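Asker: Shown below is the structure under consideration.
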Amino acid sequence: SLLRSHSCLRHPPIAMDAATECGKTGPHGSVSAQGGNQLSTFNGCFVPCLLTILGAVLFLRLGFAVGMMGLSGALGMLVISEMMSCVTVTSFSALASNGHMKGGGAYYVISRGLGPAFGGAGGLLFWLSYSMNATFNVVAVTDVLQSSFVPESSWWSSRWGSVSISSLMLLPLAAIAYKGAGTFAKVNAVVFVALLLACVVTAGDLFFGHTSITLDAPDRTRSSFSSELLVSNLWPDPVSSEQCESAGAFGMFKQKHQICTGQLVFSVIFPAVVGMMEGLNLSGDLKKPGRSIPLGTFWAMAVAFVIYAALMIGQAGTMSREALQYKMDILQKSTVGGGSFVVLGVITACLSTVLGSLFGAARVLQAMSRDDVFPGLARAGFGHGTASGDEPRPAILVSYLLAQAGLFLGNLDDLAPLMTNLFLLTYALTDFTCFLLEVSGVPNFRPTFRFYSWQTSLTNSLLTVAAMFYLSAIYAGTTIAAALLILGLLMHRFRHQACEWNDVSQALFFRCARSSLLHMQLQHQDNKYWRPSVLLLVSSSTKIDMPGFLPLLVLLNRLKQTGLFVLGRAQICDALQSHPLGEDGTASGLEEWDEHRTPELCDLEQFQQEIALSLPSFKGFQQLALASNGRLACYNLALGAGLGPLLPDTVVIPLPRLDTSLQSPQLQVLDAPTAEAREFVEVLRDLTGLRKNVLVAANFHKVSKEEVEKACNIDMWIFENFREPPPPVAKTVSDSLEFASTEAVRHMSLLLQLGHLCACFEQRKHPPRLRLVQGEQAMLDSTARKGNLERWLQWARIPRAVAETVSLPASDLPTMFELPSLATVNHDADVILTLLPPPPTGNRGFAAVEYVNSLIDWTASLPPTLLVANGQGMPVISTDV
């Protein structure tokens with residue numbers, strides 16, 4: 001009959017965590033409010049990527065790598081580096097093609113996948129590396145210009161002359177970036193033609209030229225392309241060379257006369273493939289980023305690989321081994337035009353990289369500012385974009401100033417590998433983001449780019465980190481330590497903030513929780529692994545400041561420890577009782593309820609936030625039940641709270657206050673969600689019938705939340721003579737002792753377990769005191785009773801608890817159960833736990849009223865009290881190992 005008349009609605013559970021918004025847009029509005037550029041695949045992705053990949057390594061380091069590792073070794077390193085980069089491209093192509101891609105490049109895809117903390121840590125380091133990359137490349141151009149056109153005696157060859165030349169080149173490039181993506185694309189087109197011309201002329205001269213040159217030593221020569229020379233330069237032949245000192249700047253600290261090992265040469269080759277994220281950084285300026293990013297990036301990498309391989313093969317077939325090993329500028333001194341095309345190639349390659357770095361760094365900074373990841377960025381206006389094109393001009397200015405400041409640092413060689421590691425860390429995070437999104441199994445992750453897998457993304461992420469340590473363990477450790485420091489600070493910043501986007505952890509936690517629940521469902525319940533999972537039943541009208549609510553919440557939060565906590569709010573809807581279900585199975589009362597929705601139902605989220613602010617340590621869920629009376633609402637909550645095997649096993653209900661006619665609204669205290677005593681008793685019987693432990697809470701309105709938090713004196717009272725605990729504890733005393741019944745063991749185990757959990761907390765000033773107290777009206781043998789209590793404590797393995805016996809006077813209260821009076825006892829306990837007398841049977845209303853009044857009168861003089869009854873049907877303390 002109860003189930004047939006049960007017509008209730010349950011509100012979905014709500015996580016009880018603090019929720020304040022993050023990810024606010026900057027003061028200049030959101031991205032969507034401003035129009036972006038509409039660059040095509042060619043000039044918005046292919047050309048920027050190609051120009052960024054083809055840097056100074058192209059003309060200044062390839063010959064050196066071939067001379068030390070041979071053509072086979074150098075090409076093998078290039079292939080390995082290219083394959084790792086290609087996997088990263090597949091990862092961010094999948095991320096970029098999974099919906100609308102906004103500006104911010106690597107930061108945007110990492111933050112939307114791993115969250116603002118990971119995105120901010122990677123984005124900040126990526127912005128720094130891009131800004132410093134502009135510094136490095138403009139200095140490389142200056143070095144080439146000084147060695148080619150400036151006499152050594154000139155002031156322009158000095159350190160400050162170098163700074164002046166670099167500054168004069170950096171300023172117009174920053175002006176181009178400041179102007180916008182349109183100007184950037186036009187300049188890139190010109191630079192692209194010049195660089196392509198330099199590469200074609202240089203490669204053509206290597207393969208088809210007939211030049212024979214002897215440099216500063218007879219064995220350092222350049223001749224026409226020869227297969228015999230190619231074969232002689234095929235295999236590794238590392239030597240000790242002073243040139244390795246400058247080459248070592250790419251991967252490790254400088255050392256005089258060191259052997260050019262494979263590790264050192266790999267550190268020269270690997271930077272040749274970085275820069276493939278330039279198209280991703282311009283995602284907000286592309287017309288179709290989901291299509292342009294993978295297509296343009298792969299084509300750029302393919303063309304760059306052909307150019308690198310062609311120059312490697314050309315130098316291996318024309319240069320002697322000694323010339324390649326000892327002359328870093330061999331290509332410049334031995335090609336057509338006196339090396340002018342090489343100089344042109346170096347200048348165009350490096351300056352295009354500078355321009356792309358400033359452009360990419362500014363867009364990363366703009367995206368971080370709009371998400372308000374770091375405090376002060378949005379207020380400073382770095383998230384601002386122009387009305388036409390959304391150009392990040394404030395961000396470009398600060399990126400330029402950082403690059404300019406880097407020019408005054410002097411020798412930057414020792415920071416070069418740190419910059420390389422910053423790039424590699426960003427690539428590793430991008431791969432890891434794609435891996436997590438793929439394994440999360442969410443149906444909305446279905447990129448239009450399908451040439452990827454979680455296996456390749458995970459493997460490449462690990463390989464990239466391994467490459468960081470292979471290039472330089474010191475720099476890799478420094479990079480990761482800096483990233484972890486920033487990550488920790490941002491996680492602390494966002495620990496109580498709910499962002500406007502959810503990271504992949506939500507999907508991963510869901511999948512793990514689902515798998516765990518399915519696995520738990522196949523296992524039988526074992527009391528060895530029992531923990532209290534609590535359901536607190538209160539009325540939906542309960543307010544956060546209602547006397548007794550927060551103190552009870554504090555104690556239960558301590559008691560449940562790692563268990564489940566559900567705050568069940570019972571909402572009574574009289575319309576459901578007056579309007580039964582119609583022929584179509586719907587209740588017309590629900591329509592009335594929907595039209596006159598109460599504030600309690602509408603303010604669930606506000607109530608959630610109030611609890612999180614008042615009790616930050618509380619972690620639980622909120623659930624609402626709607627029914628025609630309190631009994632049905634409580635029954636609905638007891639049935640519906642939890643999921644699968646993760647169900648509340650202990651239900652807490654406040655002791656009702658029957659005489660509420662004299663209470664003003666300002667003096668209302670925590671009460672049971674039942675209207676009368678009979679309904680309360682029926683709820684107790686329903687809960688035990690559902691095999692739930694029952695806790696009746698009384699007198700928590702007498703204390704404050706702070707007093708309960710400091711409570712350290714916990715008493716467990718019993719008022720009947722329990723026999724000996726189960727063996728083997730009792731057998732150590734005597735074989736003739738009578739053991740307690742199964743029911744007694746169940747109740748005592750719950751009482752002792754809850755008392756132990758209440759006392760298990762760190763108290764700074766005073767250690768907790770836990771007592772098991774036997775109270776009787778006539779204590780015949782206190783020594784024997786105390787020994788019995790001590791054996792119960794020994795059985796429960798609670799060595800810190802003490803056993804005491806107290807003689808109590810007979811009760812003068814008109815109660816329906818025989819209990820001694822506690823009114824004259826001097827209590828020093830902060831919290832008392834005792835056994836709940838069994839409720840009366842039958843449907844007699846006067847018996848229920850007498851039962852509730854007896855509980856109220858008996859506990860009137862007590863501190864906060866929990867009346868405990870085991871309804872699970874099993875002991876909650878296990879003695880098995």
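A short reminder: the numbers here are calculations on the coordinates, not readings from a lab. Quick caveat: nothing in here was measured; it's all calculated off a predicted structure. Cβ atoms come from the backbone with ideal geometry, glycine included; neighbour counts cover every protein chain shown.
Asker: What's the extension gain from His519 to Ser614 if we count 0.36 nm per residue and subtract their Cα-Cα distance?
Answerer: Result for the pair: 30.6 nm of gain on full extension.
Asker: Determine, for each peptide in 162-173, 128-139, the mean count of other beta carbons within 10 angstrom over its residues, then list the peptides with the highest first.
Answerer: Packing proxy ranking, top to bottom: 128-139, 162-173.
Asker: Count charges around Glu438 for me, please; just the other residues with Cβ under 13 Å from its Cβ, Lys/Arg as +1, Asp/Glu as -1.
Answerer: Net of charged neighbours comes to +2.
Asker: State the extension gain, in nm to one decimal, for the chain segment bounded by Glu738 and Trp235, taking 0.36 nm per residue of separation less the distance between their alpha-carbons.
Answerer: Length difference between fully extended and current span is 172.1 nm.
Asker: So what are the ³J(HN,Hα) numbers for the range 52-68, from phi and the Karplus equation (6.51, -1.76, 1.60; θ = phi - 60°), rounded to whole Hz, Gly and Pro as x?
Answerer: 6, 5, 7, x, 5, 4, 4, 9, 10, 10, 5, x, 4, 4, 5, x, 8
Asker: So which trypsin sites (Lys or Arg not before Pro) in the range 688-725 are both in a DSSP loop and have at most 16 other Cβ atoms within 10 Å of their Cβ?
Answerer: Passing sites in the range 688-725 are Arg691, Lys710, Arg723.
Asker: Show me, for the range 441-453, the HN-Hα J-couplings you get by feeding each phi into the Karplus relation (A = 6.51, B = -1.76, C = 1.60, θ = phi - 60°), rounded to Hz, glycine and proline as x.
Answerer: Per-residue couplings from phi come out as x, 6, x, 7, 9, 9, x, 6, 7, 10, 8, 7, 7 Hz.
Asker: Report the FRET efficiency, 1/(1 + (r/R0)^6), for Ile474 and Glu707, where r is their Cβ-Cβ distance and R0 is 51 Å, rounded to 0.05.
Answerer: It comes to 0.40.
Asker: Further question on the same structure: With the cut-off at 1.5 for a/c, could you classify the range 403-479 from its C-alpha gyration tensor as rounded, prolate or oblate?
Answerer: prolate
Asker: If you don't mind, another one. Determine the sum of side-chain charges near Ala117: Lys and Arg each +1, Asp and Glu each -1, restricted to other residues whose C-beta is under 11 angstrom from that of Ala117.
Answerer: Combined, the nearby Lys, Arg, Asp and Glu give +1.
Asker: I'd like the Karplus ³J(HN,Hα) series for the range 154-167: coefficients 6.51, -1.76, 1.60, θ = phi - 60°, whole numbers in Hz, and an x wherever there's a Gly or Pro.
Answerer: Working through the residues one at a time gives 6, 4, 5, 8, 6, 5, 6, x, 5, 4, 5, 4, 4, 5 Hz.
Asker: Work through the residues other than Asp216 whose Cβ is under 10 Å from its Cβ and net out their charges, Lys, Arg +1 and Asp, Glu -1.
Answerer: So the environment of Asp216 carries a net charge of +3.
Asker: If I model a spin label at Lys528 and Arg800 as a point 7 Å from the Cα along the Cα→Cβ vector, what separation in nanometres do I get?
Answerer: Taking the two extended label points, one gets 2.5 nm.
Asker: Another question, then. Which of the trypsin sites (Lys or Arg not before Pro) found in the range 430-539 are loop residues per DSSP with 12 or fewer other Cβ atoms within 10 Å of their Cβ?
Answerer: Those that pass, being in a loop and sparsely packed, are Arg450, Arg495.
Asker: Kindly identify the range 443-532 as rounded, prolate or oblate by the Cα gyration tensor criterion: order the square roots of the eigenvalues as a ≥ b ≥ c, call it rounded if a/c is under 1.5, otherwise compare a/b with b/c, prolate if a/b is larger, else oblate.
Answerer: The shape class here is prolate.
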